[in-house]
Every structure is written in C-alpha cells, then in structure tokens.
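Quick notes on the structure that follows.
Every number here is computed from the coordinates shown, using simple stated rules; none is lab data. If you're wondering where the values come from, they're calculated on a predicted model, not measured in any experiment. Cβ atoms come from the backbone with ideal geometry, glycine included; neighbour counts cover every protein chain shown.
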Amino acid sequence: MASISPIIREERVSKGLVPISIRVTVDRRKCNISLGHRIKIQDWDDEKKRVRKSHPNSVRLNNLLQNYISKIDNYILQKEAQNEMVNFDEIKEKVFNKSITSDTFKEYSLNYLEELFIAKKFSQHGSSIAQINKMVLFYGDYAKFSAITINSIQKFKGVLKSQYNLSERSIVNHLIALRAICNKAIRDGLMNKNKYPFGGDGIIIRIPSSIKVGLNLKEIKLLEDAKIKPFTTKWHARNAFLLSFYFAGARISDVIRIKWSDIVDGRLQYVMGKNNKISSVKITSKAKGILDQYKTVKVENEAFVLPELNKPNIDTENAAYKKIRFATKKYNNWLKRLAEEVGIEKKVTCHIARHSFGNISGDKIPIQMLQKLYRHSDITTTINYQQAFINKDTDDALELVIGGNENE
C-alpha cells in the first residue's frame, strides 16, 4: 500500500520560510523528498495539500508538485507490476535527479529530528537541534555512519569542551542524542552493529552527579509572605513556584498547563507532560488559596489557571511548548529578583521548587510514598533523586564524633 502526499516541513523553518516536500509511504516505510522550494507557512493549504493563491508562484509550484507526484506514482506502479521493492533512493535519483544522500549521517539525523517533531516530542526536538548541528559540523555533510567511531567520538567530546566550553552534563546530553541516532540507524540497517561505538569496550555514558539545593521551610515562608502587586508577572512567577512546591514538586510545564477542568473534588488531576502519566494530588489549603485568587478574575472560556496559555495564537502543541519555554525563562528572571529582595541567597528558579520539596521531605517520608508523590516509574529513580536531600544519618554520625570529643 503506497501513498504520496505533498507536505511542508515546519520543523525546518528558516527565516520564516519552510520547505515543500513530497512524502512517500510504502508498506509503512516513509521518505520525504524536498521540492527545492520554500514558502511561508500561511501560503500553504494543508487541507488541500497545495500552495495557496496568496503565493505569487502558486500555479507553477502546484503544477510542479503534480508533475512529480505523477512520476512517483508511475514508478511505484511499475515496481509493483514487476513485483519489485520500491527503492526511495531510486525515486530521488530517477524522478528528482538528486544525488543519493539518505544514508549520510546528516540526512538521517535531520529525518530523526522530524520524527521527534511529528511525535510531538517538542522538548527533545528543541534540544536535539543544536546538538545535531554540532555533530554535523564536526563530521561533515557527507559522512556515513562508518565515520562514527570510538576515536571520532572522543575527539568530538574534546571539541565540545574546548571550542564550545560545554559542561560535563551538556557533553553527556550530546552523546545520549548521538547514541539514540546510532541505535536507530542500526535498526534501519545503516550502521553495522559490530561497529557500534557505545557500551562494552566502547564509549560508556555516565551521567555526572549534580548538586541539588532546595529551599528550606523558612525560605519558602519568605516567598509566601512577599508583598507583590497582584496579577503582575512577578506575582504569577511566585505563584507558579509555590504551586509547583505545594503539588509535591510538580514540573513547571505541568503547572503552567493546569486547567480549571483539572480541579475535581478538591484534587488536581492531570496528565504529566513528560511521560503522559495520570497524576492526582490533593489541593492543600495553601494551594487552594492561590487558585481562589485566580478564580476571582476568571474570564469565561479561559481554560488555564495561569495566564500564559490563555493568550491568542496558541492553537498547536508546538506553539504551547514554545510559550511554556518563554514563560519559564520569564518566571526564572523574576524569581531571581524576588529571592534577592526577600534575602534568599540560594539560587531560585522554577525547577528549584521541585528540589525544595525533596529537601524539606528529606527522610521524613517513606521512599515508596515519595515515589508516588514524584510520579516516578522506578523506585531507583526516587532513591537516586532523594539521596541529595537525605543527610540525617551522616549528620548524626558526625555529631557522635564531634559531640564525643566535647565530653572527653
């Protein structure tokens, strides 16, 4: 079963223009072939799969699309009549007169990015763009997967550190992305699994330990008591931080996405953005106090508690993701200022609310209960996360030694 459909590739936008491509699907295998032309998104009619008349060359581009679609269709029919497999590289070479580059690391990585975008993994897609750009710049436009070796990766690590001045954690993130691409390339037959450069005797990826510092109850109280003009961005930033803390360290992206419809029978019930898990958290009196303030100014048809996603022109998940990223950065800037004003010397960002819950819970709550509150799939994740905040045993041991010296 084959299908041929014109598309625009929004994930490859450049200077406000997106490329027009033809997507060919045969037996669940997909291939996108660029037409070699770019247009504005608003000049594309996605329902009719054609260029709108608002584009000055719409007639020529639509004729070009139909011409290529007809040639691809003829090629596929010929292959099916001869009971032969459809070869995407042949289509590119014979129909479009394109040199075959689909097996290069660059082209494969760009397709990998597109798959992330289509799967609506916008966070991973956003971070992977810069990572893959550095990889392609290092390996070159025409490198095959045979170039991805242990030695080349070691050199790539050196470049990331010396030229880009990246932290160890950022370097690890680049290697994780590279490993994901290699794993997929092996499954697709583009990389020899015997030449796999990771694991075993190859590159071992170890996530470096990071210092997690959360606020204590006294510092949380300073934020709660801060006098801020209501319904300003600074006020929203403080409230978002506190809601994250009150909801057991909920991620800021989930806090910004809280809808009024998620509040049911005194509980917050929502689907977590990171893993699509359903979470249900009691709305404590402090959380209710914040929600009630927003309810007093709620406008009909406004779906979200915080104002960021109630604004116009947020009609796609990608647009919502970009708005959340912008709001988080904006909130972090205000939280930094607020911390200085109230006398908190620690770093305060939206994510620190999650660390603060871990810091204050410490070893007071059983690890199994913390696993439920954090919504972790694996209790090992909870143990590793909470280790940074459990200090009672070591503190008691140190006190025994120091205290013992005082009594001698």
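Results, tabulated for the structure shown:
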quantity: D265 versus N194: modelled label distance in nm, points set 7 Å from Cα along the beta carbon direction; calculated: 6.1
quantity: Tilt relative to the chain, helix 392-407 - C-alpha long axis, 0 to 90 degrees, to 10; calculated: 40
quantity: Two-site label geometry, K346 and I176: point separation in nm, points 7 Å out along Cα→Cβ; calculated: 2.4
quantity: Charged-residue dipole, Cβ positions (Lys, Arg, Asp, Glu), the chain about Cα centre, Debye nearest 20; calculated: 1140
quantity: Positive-pole candidate from N133, Q154, S123, dipole of the range 113-169, charges at beta carbon; calculated: Q154
quantity: 0 to 90° range, to nearest 10: angle between helix 233-246 axis and the chain longest Cα axis; calculated: 80
quantity: Rough spin-label spacing in nm, given labels placed 7 Å along Cα→Cβ, for K184 and Q124; calculated: 0.8
quantity: Highest-MSF residue in the chain out of S280, S209, S123 [GNM, Cα springs under 10 Å]; calculated: S209
quantity: Debye, to nearest 20: dipole size of the range 217-361, +1 on Lys, Arg Cβ, -1 on Asp, Glu Cβ; calculated: 340
quantity: The range 2-95: relative contact order in percent, alpha carbon pairs under 8 Å with at least 6 residues between; calculated: 21
quantity: At most 10 other Cβ within 10 Å, DSSP loop - trypsin sites (Lys or Arg not before Pro), the range 315-364; calculated: K364
quantity: With Cα atoms, 0 to 90° folded angle of helix 168-187 axis to the chain main axis; calculated: 40
quantity: Whole-angstrom gap from the range 207-231 to the range 295-325, using each part's C-alpha centre; calculated: 25
quantity: Cβ-derived FRET efficiency at R0 60 Å, K48 paired with K298, nearest 0.05; calculated: 0.95
quantity: Fewest-first sequence of I72, I256, I7, I207 by Cβ atoms within 10 Å of each Cβ; calculated: I207, I7, I72, I256
quantity: Beta bridges by DSSP in the chain, antiparallel share as percent, to the nearest 5; calculated: 95
quantity: Förster radius 30 Å - calculated FRET efficiency between S162 and D201, Cβ distance, rounded to 0.05; calculated: 0.70
quantity: Value of [θ]222 nm, deg cm²/dmol, for the chain, DSSP H segments ≥ 4, -39500 (n - 2.57) each, nearest 500; calculated: -15500 deg cm²/dmol
quantity: The range 217-361: translational diffusion in µm²/s, Stokes-Einstein, Kirkwood Rh over Cα pairs, 10 °C, 1.306 mPa s; calculated: 102
quantity: Long-range lysine pairs (8 or more apart or interchain), the range 112-216, Cα under 25 Å; calculated: 26
quantity: Positive-end residue of A339, L268, G289, charge dipole of the range 217-361 with Cβ unit charges; calculated: A339
quantity: Identified option (computed percent of Cα pairs over 28 Å apart; candidates [x] 47; [y] 51; [z] 62); calculated: [z]
quantity: Selected from A248, I91, I171, residue furthest toward positive end of dipole (the chain; charges at beta carbon); calculated: I91
